[in-house]
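Following: one structure in structure tokens, then a few remarks.
We did not get these values from a lab; they are worked out from the coordinates using the rules stated. Predicted model only: the values in this text are computed from it and were never measured. Cβ sites come from the backbone with ideal geometry, for glycine too, and all protein chains shown count toward neighbours.
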Amino acid sequence: MRRFTIVIHGGAGTILKSDMTPELEQAYVHGLQEALHAGYAVLEEGGSAVNAVKAAIVILEDNILFNAARGSVFTKKGVQEMDVAIMDGHSLEAGAVTGVRNVRNPIELAAEIMRNSNHVFLSGKGAGDFAIKQGIKLEPDEYFFSQFRYDQWKAIRDSDTYSLDHTNQELEELMKDKKFGTVGAVACDKEGNIAAATSTGGMTNKKYGRIGDSPIIGAGTYANNDTCGISCTGHGEMFIRAVAAHDVSCLMEYKGYSLQQACDEVVNKKLPALKGEGGMIAVDKDGNYAMVFNSAGMYRAARSSDGSEEIAIYK
Ligand code: ASP
């Protein structure tokens, strides 16, 4: 039987043990565990990589600790606008959404776009209309509200700063251990099919309809059965400029790099040259995986049918 694997992340940044309480650390580990096991169960039962990444992301989106769906950060206008993408490495089909509001699980909407629209990328109101038409579950604003992210936004809403939580001094103080928490999942199933997905509220105090890397195919999310599946987290502007996720795939395809070598090249050489902080999770068709980041920490977890399982937060 082929080796099958799922890998997830819950965001990267200045995540330090010294800032963390044991209770909060436990809550993060538990959240990651739950999502990892849900995704793995799909693969174990012979389900597809696409369904496995969806299952994992739904659980992370529902968890208020992470900056995706419920618990998303606030924009300059004090609302939550979410970005998400999913890609199927077998068909190279993809579905993505930017600036959508009130959708309980944006990943479901992205998957619906991938399967049942003639399009790849929908934005704002149009994406919302499509969600309603397809019967995707909506929630009122209160559902998405989290006090700590509201306080975090209040501290910088009168400035021009937009932030990955950890990059701002004032926020550092305010956020302590909360940091940030875009979520992502990549998987390789029993058939050798690969999928990748990323879901986020973006960056605190983002304005003018800012779009991050997460929903952009090739920047924050990419999957191709011939190479790898990638989900990124970090300062989105630099990941877009580096075309980070697709670059890993290209290094494998055109230069014969291994998954680990390709991720190292992009995360530890290309992104730092652009001052791009963050990381990525990755899987290849043989079920090998990598979790690479250039920040102090990245919430991450992986489980493979060869028996390996790891959950980690710090470097
Ligand atoms: N990459 C995301 C963005 O720029 C943020 C994150 O990963 O936390 O929107």
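Below, the figures for the structure above:
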| item | result |
| --- | --- |
| Cα gyration tensor shape of the chain, rounded if a/c is under 1.5, else prolate or oblate by comparing a/b with b/c | rounded |
| Within the chain, helix-based [θ] at 222 nm, where runs of 4 or more DSSP H residues each add -39,500 (n - 2.57), nearest 500 | -10000 deg cm²/dmol |
| Distant-in-sequence amide H partners of T204 (H built 1.01 Å from N, under 5 Å) | S163, D165 |
| R0 of 35 Å, Cβ-Cβ distance E25-N118: FRET efficiency to nearest 0.05 | 0.20 |
| Estimated inter-spin distance, A41 and E93, nm [label 7 Å along Cα→Cβ] | 2.5 |
| Cβ crowding within 10 Å averaged over residues, with 115-124, 296-305 ranked highest first | 296-305, 115-124 |
| Added length on full extension, which subtracts the Cα-Cα distance from 0.36 nm per residue, A312 to Q33 | 99.4 nm |
| Electrostatic dipole magnitude of the chain [Cβ: Lys, Arg +1; Asp, Glu -1; Cα centre; debye, to 20] | 600 |
| Packing-based ranking, highest mean first, of 183-191, 142-150 given that Cβ atoms within 10 Å are counted | 183-191, 142-150 |
| Anchor K190: lysines whose Cα lies under 23 Å away (excluding residues fewer than 8 positions away in-chain) | K54, K285 |
| Spatially close lysines, pair count over the stretch 65-157: Cα under 22 Å, gap of eight or more or interchain | 6 |
| Karplus-derived HN-Hα couplings along the stretch 138-144 (A = 6.51, B = -1.76, C = 1.60, θ = phi - 60°), whole Hz, x at Gly and Pro | 10, 9, x, 3, 4, 4, 8 |
| Whole-Hz couplings from phi, Karplus 6.51/-1.76/1.60, listed for the stretch 80-94; x for Gly and Pro | 10, 10, 10, 10, 7, 8, 9, 9, 9, x, 6, 9, 6, 7, 8 |
| Computed label-point distance, nm, for sites K77 and S258 using a 7 Å Cα→Cβ extension | 4.9 |
| Zone of E191's modelled label, taken as backbone nitrogen in the stretch 209-236 under 15 Å from a point 7 Å along Cα→Cβ | 224-226 |
